[in-house]
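The values are calculated or read from the model by the stated rules, or taken from the named source; none is laboratory data. Worth saying up front: this structure is predicted, and the values here are computed from it rather than measured. Virtual Cβ from ideal backbone geometry, glycine too; neighbours counted across all protein chains shown. All accessible areas refer to the heavy atoms of the entire protein, side chains included, with ligands and DNA or RNA removed. Shrake-Rupley method; radii C 1.70, N 1.55, O 1.52, S 1.80 Å.
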Amino acid sequence: MKKTLVWLRQDLRLLDNPALYHACALNQPTIIIYILDEAIYPLGGAQCWWLHYSLEALQKDLLKKQSKLILKKGIAENILIDLIESENISHVFWNRCYEPLAIERDTHLKQLFTKMGIIIESFNASLLNEPHQIKTKEDSFFKIFTYYWKTCCAHQKIKPLLPIPVLINSADNTTLESDDLPTWDLLPKSPDWSAGLKNHWQPGEAGAKKQLKNFIKSKLIDYANARDFPAKSKTSFLSPHLHFGEISPWQIYHILKQIELENAAMGRSVELYLTQLGWREFSYYLLYHYPKLPEKNFKSRFDNFPWVKSKKLLQAWQKGKTGYPIVDAGMRQLWYSGYMHNRVRMIVASFLTKDLLIDWRVGADWFWDTLVDADLANNSASWQWVAGSGTDASPYFRIFNPTLQGEKFDPNGDYVRRWIPELKKLPNKYIHKPWETPETILNSTSIRLGTDYPLPIIDHCKARQHALELYKKTSNNPL
Ligand code: FAD
C-alpha cells in the first residue's frame, strides 16, 4: 500500500499545520518524521534544550492520537531516500523553511524526488505573507519596513485555520524504527545549566497555547503602553514557540482580530502586536532577498569598519559584568532564562557594537548560542539594524546611552534589581549609575563597588565620541 511522508521541520504542531492536514486528506497511511539535519545550521545550546522538550511533547501528542513521530539524525537527503524506498512512499509533504541553506536543500530535494516519481507538495505554515509575494511597483524588494508592512496589510489574504487532522497509520508505521530522543544528547549534562530555562518555559504546542492564553488574559490590554518596560513583563513570550512552529502566526492573528472586534479598547494593542509580527515577517523577507544577511553587511560601506577584537571586553559583556546595570541585567537574564526583553536586546547590542566596537556578528553568535528563540532571520536582521549596517537600520549616530535608557525604561530599577541582586540596596537615583553613589550611601548599603559589582569597563561619553568619529570615516554620507 502506498504511503505519505510528512517531514516536520519548523512546524512542530498538529493544529493549523498545512503539510500534515493535506497529507492526511489523501486517506492513505501517513508517516511523520523529524530529522535532525546535520547538513544545515547547527542549533545553539539553548535551542537544543528547547528542541528536546518540543519533540518530546509532540511525540506524546501523536501517541494520544495512536500515531508516532519518527526521529532520525543525519543528512536529510540520505534518510529520506532510504525511507521512500523502504516504505513505498508515493507523496512527500512539508511546510516551507526560509533560511538560505534550507531553501537550497529543499529545492534540490524537490527536483530529486520528482525525478524519482514522487509527488512533492510544500506549504506556507509560518508566515502571514511569504517573501516572494510582496514586491515593490518596480518588481524589486522593499528595504524600508513601513512601506513593506503597509503593502502587506493592504494585500493581506486571510487564511482560515486548519483543524487537527485524523491520522491514519499503517501497522508497520508504528513499528518503524525511530531514534531514541535522549540519544541525541540535546540536553546539557556537565554542567547542567538549564535550571533557569525549565523555570521559564514549557516547550511544545500546549505550552504555546498556554502562553498565548496568558498573554491575552493578563497582558494584551497593557501591551501598547507597557511593552517597552522590561520589568513589567507585558510582552507575549511567544518568540521561541513561533520559531519552532508550535503556534502559527495565523492562530495569533485570528484570535487577536476577534478580540479587537469584540472590544475596541484592545485595538491599539492588537495593531501594535500585529506590527511586531510584521517585523518578524520583514526579517524573513530580508533574509530571503538578501541571503547573506547573517554574515555580510547589508550596507557595504561597513565592510572596512575597524572592529575591535578584545576577549576581555567581550567576556565582560557576555557575563553581565560591564558595570552598566541595564546591560548587565539583560545579559544575565539571557544567560539564566534563554531570553531577553526586546528593549534590552537593543541596548546590549548597541553597547557591544558602538561602545565596545565589537563586530555585530560576534554578538549575533552569542545570541545564537544562548537564546531559546534564536532565529536566523530575526537575529541577523536585528543585529544589523542596531549596528547601523542593515537596511532601514537605526542610523549609526543613534548610540544608546545605557544610563539614560535604564532610567527611562526601568525607572524604579526593578528589572536591574531582579537580575543584579548585589545592587538591590542602591537607591533608585543611583541604580543605573552606581559609580556616582556617594561614599556615605555605599557604606550604609555595604556595596563594595569594584569588588561586588564592577566599575564601568568603558566611559560611555568617550566611547560614543570615538564611535561617531569611526562611523563618520566609514560612511559615504558624513554627518
Ligand atoms: P512580543 O513583543 O510579544 O512580540 C510578538 C512577536 O513578534 C515575537 O514573538 C516575535 O516573533 C516578533 N517580534 C517582536 N519584535 C520583533 C523584532 N524587533 N524583530 C523581529 N520580530 C519581532 N527575535 C527572535 O525571535 N529571534 C532572535 O534571534 C532575535 N534576536 C534579536 C537580536 C537583537 C539584537 C534584537 C534587538 C532583537 C532580536 N529579536 C529576535 C527580536 C525581539 O527582541 C524578540 O522577537 C522579542 O523580544 C521576543 O519577545 P516576545 O515574544 O515577548 O515579543
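Inside the stretch 25-50, residues that are open to solvent by less than 10 Å² (accessible area, probe 1.4 Å) and in a helix (DSSP H, G or I) make up a count of 4. Looking across the stretch 429-442, the residues that are in contact with an Asp or Glu (Cβ under 9 Å, 6 or more places away or on another chain) and either of a type outside the set (A, V, I, L, M) or modelled with pLDDT under 95 (or both) come down to Lys429, Tyr430, His432, Lys433. Within the stretch 330-349, residues that are closer than 19 Å to His243 by Cβ sit with their Cβ atoms under 7 Å from residues that are among the acidic types (Asp, Glu) and within 11 Å of the ligand (Cβ to nearest atom), at 6+ positions apart or across chains, in these pairs: Tyr339/Asp373.
Return the residues of the stretch 389-402 that are in contact with a helix residue (DSSP H, G or I) (Cβ under 7 Å, 6 or more places away or on another chain) and more than 12 Å from the ligand (Cβ to nearest atom); say none if nothing qualifies.
Hits for the stretch 389-402 are Ser389, Thr391, Tyr396, Phe397, Ile399, Asn401, Pro402.
Every listed requirement among (1) more than 13 Å from the ligand (Cβ to nearest atom); (2) more than 24 Å from Glu295 (Cβ to Cβ) is met by Leu356 save one, (2). Looking only at the stretch 208-223, residues that are in contact (Cβ under 8 Å) with a residue 24 or more places away in the chain, closer than 19 Å to Tyr415 by Cα and within 11 Å of the ligand (Cβ to nearest atom) come to 1 in all. Scanning the stretch 221-265 for residues that are more than 30 Å from Ala57 (Cα to Cα) and touching a Leu at 6+ places or on another chain (Cβ under 6 Å) gives a single hit, Ala224.
Candidates are the residues of the stretch 230-253 that are away from the ligand (no atom under 12 Å from the Cβ) and open to solvent by 10 Å² or more (accessible area, probe 1.4 Å); the one that is nearest to Leu277 (Cα to Cα) is Gln251. Going by what's in this entry, would Ala387 be described as touching a Ser or Thr at 6+ places or on another chain (Cβ under 8 Å) and of a type outside the set (Lys, Arg)? Considered against the rule, which asks whether it is touching a Ser or Thr at 6+ places or on another chain (Cβ under 8 Å) and of a type outside the set (Lys, Arg), Ala387 comes out as yes.
Taken residue by residue, the stretch 374-385 has at least one member that is farther than 30 Å from Leu187 by Cβ and either in contact with a strand residue (DSSP E or B) (Cβ under 7 Å, 6 or more places away or on another chain) or open to solvent by 10 Å² or more (accessible area, probe 1.4 Å) (or both).
When we screen Asp414, Asp452, Asp365 for residues that are within 16 Å of the ligand (Cβ to nearest atom) and of a type in the set (D, E, K, R), the only hit is Asp365.
Does Asp11 satisfy the condition of being open to solvent by less than 60 Å² (accessible area, probe 1.4 Å), in a loop (DSSP other than H, G, I, E, B) and either at pLDDT below 95 or within 22 Å of Asn379 (Cα to Cα) (or both)? It is true that Asp11 is open to solvent by less than 60 Å² (accessible area, probe 1.4 Å), in a loop (DSSP other than H, G, I, E, B) and either at pLDDT below 95 or within 22 Å of Asn379 (Cα to Cα) (or both). Could you tell me whether the stretch 405-422 includes any residue that is open to solvent by 10 Å² or more (accessible area, probe 1.4 Å) and on the phi > 0 side of the Ramachandran plot? No, that holds for no residue. Comparison of Ala349, Ala381 shows that the only residue that is more than 30 Å from Lys425 (Cβ to Cβ) and in contact with a helix residue (DSSP H, G or I) (Cβ under 7 Å, 6 or more places away or on another chain) is Ala381. Considering the stretch 287-300, the residues that are touching a helix residue (DSSP H, G or I) at 6+ places or on another chain (Cβ under 6 Å) and open to solvent by 10 Å² or more (accessible area, probe 1.4 Å) include one that is modelled with the lowest pLDDT, namely Phe298.
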